[in-house]
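The values are calculated or read from the model by the stated rules, or taken from the named source; none is laboratory data. Because the structure is predicted, anything quoted here is derived from the model rather than measured. Using ideal geometry, Cβ is built from the backbone for each residue, glycine included, and neighbour counts are taken over all protein chains shown.
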């Protein structure tokens with residue numbers, strides 16, 4: 001298998017993982033777990049979202065979180081923004097990386113951002129201008145890039161239109177999001193290969209939800225296509241309003257575990273990642289779909305003595 | 001991606017799925033779900049195990065199950081046997097396919113079969129002779145082929161010794177089992193490629209547990225290596241005594257869903273497979289780790305109207 005030797009993981013738990021939680025999580029708890037994530041060796045952390053507090057109440061304290069977080073030398077911190085006001089807030093609390101987002105389909109953009117794609121991207125222009133003036137990085141994410149719950153698969157030509165627009169704005173880091181867990185490995189390989197070849201100037205990030213169990217095979221396929229940056233969420237937190245009760249984002253500890261087992265470097269301390277996942281689970285106070293939290297890592301198992309239990313076959 | 005166009009799935013839920021369940025499942029319920037599995041288009045079903053009832057009480061009624069099952073023309077039925085007595089029982093109730101099993105490691109063979117590998121395979125000889133006399137097929141499975149909870153990774157040379165012995169006995173169908181969910185995609189690809197090339201006369205089957213979430217990426221890697229037969233268990237039933245509470249076998253409906261999404265044919269009706277998974281879950285009376293049972297299949301989602309719920313990013 002032709003895989004990258006090193007993978008960059010971005011922890012999106014503080015934003016995409018906590019976002020759907022109904023009970024508001026204390027700002028100090030958010031800042032504390034972000035510090036622990038940085039200390040575990042995660043190189044990029046999405047700490048929150050500067051969006052309207054009525055739209056996403058859980059993210060209302062992102063300004064405060066950003067101020068409380070200790071800036072680790074090895075870690076980069078980014079936040080999602082939805083408009084100029086969001087960029088202003090990001091600048092005001094010392095962030096130097098914002099992520100702009102729109103959907104790959106009109107229906108999802110209308111449903112999620114209450115406006116057509118054209119309006120979303122029109123708004124990007126002033127965001128980017130402000131970001132540039134203040135010397136902060138702006139990356140972009142395209143939601144439902146591997147399938148929309150209303151429109152199904154997104155034609156490759158449509159995706160390309162979106163990407164050309166973003167690169168035309170000067171954006172050089174783009175996340176393709178499988179927001180509702182609709183991608184499959186053949187499709188991911190095909191789209192990822194095409195994008196890597198067509199836009200060599202772009203740093204690609206994949207953001208895969210494990211809604212239907214395909215996040216890890218999708219990430220494997222994307223790695224074979226040459227992508228080496230992936231979002232993940234501690235304990236597998238996150239969710240999808242179209243599949244209540246289903247799995248969320250791919251769990252950071254599950255992804256790190258698989259990558260390390262395959263001999264792929266992440267720079268992350270797996271034991272600390274597992275501790276952070278346990279903490280994240282305690283913070284939200286409910287079960288999650290992390291496999292490693294339930295099974296433990298392989299290395300621990302091998303140290304055990306035979307347990308004498310019989311299981312034939 | 002270079003994948004097989006068609007995959008053969010063997011439903012092992014009636015054996016490996018039900019086996020660890022503490023409450024004894026009614027024989028009629030077992031026969032009924034086996035009939036439904038056959039009706040859904042599954043071409044191979046492992047209906048039970050002819051092993052000592054004290055070792056695995058849940059499998060004590062396999063003879064009765066075999067007699068009750070309606071033999072669908074498109075389906076083949078196999079059962080696990082552990083010795084000559086098992087083959088006799090299989091023959092007595094009209095089975096025409098038995099599966100012999102030993103572990104890849106001495107420690108696991110001792111723990112699971114209470115004897116060294118040499119004794120296990122010595123016993124195979126009379127099993128095979130009896131099977132041959134009665135014109136029934138004998139296949140084999142090697143447990144913990146991708147890692148032993150006591151010994152760790154199994155050297156490839158050791159695996160080859162086991163396989164040469166089995167092929168020397170005339171066995172032409174061998175299952176490599178990741179009994180405790182310790183395989184990873186790079187390793188699976190490497191072993192699978194090697195075996196496919198070294199033993200072209202063997203029909204290979206992979207039996208992957210999803211203990212640490214790697215069953216689907218492992219199956220994807222094995223498909224890239226040219227393997228096209230996989231065991232799976234309805235609702236993801238099954239388990240591992242070394243990781244209590246962890247996920248079991250890869251769920252049949254999750255695997256079929258991924259394969260169909262990738263355009264790979266299985267001959268299985270996914271809707272019926274999901275119904276059977278629901279039934280299996282009702283039979284055992286507890287939650288399982290099936291993703292599709294929780295999230296539903298992608299095709300259902302696309303038919304829905306926008307739900308108006310906002311989830312930014």
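I'm told residue B:53 meets every condition in (1) farther than 18 Å from residue B:17 by Cα; (2) within 14 Å of another protein chain (Cβ to nearest Cβ); (3) assigned to a loop (DSSP other than H, G, I, E, B) except one. Can you identify the failing condition by its number? Here residue B:53 clears every test but (1).
Among the residues making up region B:103-128, those that are without any contact (Cβ under 8 Å) to a residue 24 or more places away in the chain and at the interface with chain A (Cβ under 10 Å from one of its Cβ atoms) are B:110, B:114. Going through (1) in contact (Cβ under 8 Å) with a residue 24 or more places away in the chain; (2) not in a strand (DSSP E or B) one by one, residue A:10 falls short only on (2).
When you look at residue B:66, is it touching a strand residue (DSSP E or B) at 6+ places or on another chain (Cβ under 8 Å), free of Cβ contacts under 8 Å to residues at least 60 places away in the same chain and assigned to a helix (DSSP H, G or I), yes or no? Give the steps one after another, and end with the answer.
Values: touching a strand residue (DSSP E or B) at 6+ places or on another chain (Cβ under 8 Å): yes; free of Cβ contacts under 8 Å to residues at least 60 places away in the same chain: yes; assigned to a helix (DSSP H, G or I): yes.
Yes: the conditions hold for residue B:66.
Can you tell me which residue in region B:129-159 is surrounded by the most Cβ atoms within 10 Å (Cβ to Cβ), limited to those that are under 21 Å from the mean Cα position of the chain (by Cα) and away from chain A (no Cβ under 14 Å)? Result: B:138. Filtering region B:219-251 down to residues that are farther than 16 Å from residue B:178 by Cβ and in a helix (DSSP H, G or I), which residue is farthest from the other protein chains (Cβ to nearest Cβ)? Within region B:219-251, the match that is farthest from the other protein chains (Cβ to nearest Cβ) is B:234.
Do we have residue B:196 as within 9 Å of another protein chain (Cβ to nearest Cβ), surrounded by fewer than 24 Cβ atoms within 10 Å (Cβ to Cβ) and either on the phi < 0 side of the Ramachandran plot or part of a strand (DSSP E or B) (or both) here?
Values: within 9 Å of another protein chain (Cβ to nearest Cβ): no; surrounded by fewer than 24 Cβ atoms within 10 Å (Cβ to Cβ): yes; either on the phi < 0 side of the Ramachandran plot or part of a strand (DSSP E or B) (or both): yes.
In short, no.
Quick check on region B:58-71. Is at least one of its residues surrounded by fewer than 24 Cβ atoms within 10 Å (Cβ to Cβ) and at pLDDT below 95? Looking for residues that are surrounded by fewer than 24 Cβ atoms within 10 Å (Cβ to Cβ) and at pLDDT below 95, one finds at least one in region B:58-71, hence yes. Residues considered: A:99, A:30. Of these, the only one that is crowded, with 18+ Cβ neighbours inside 10 Å and closer than 16 Å to residue A:18 by Cα is A:30.
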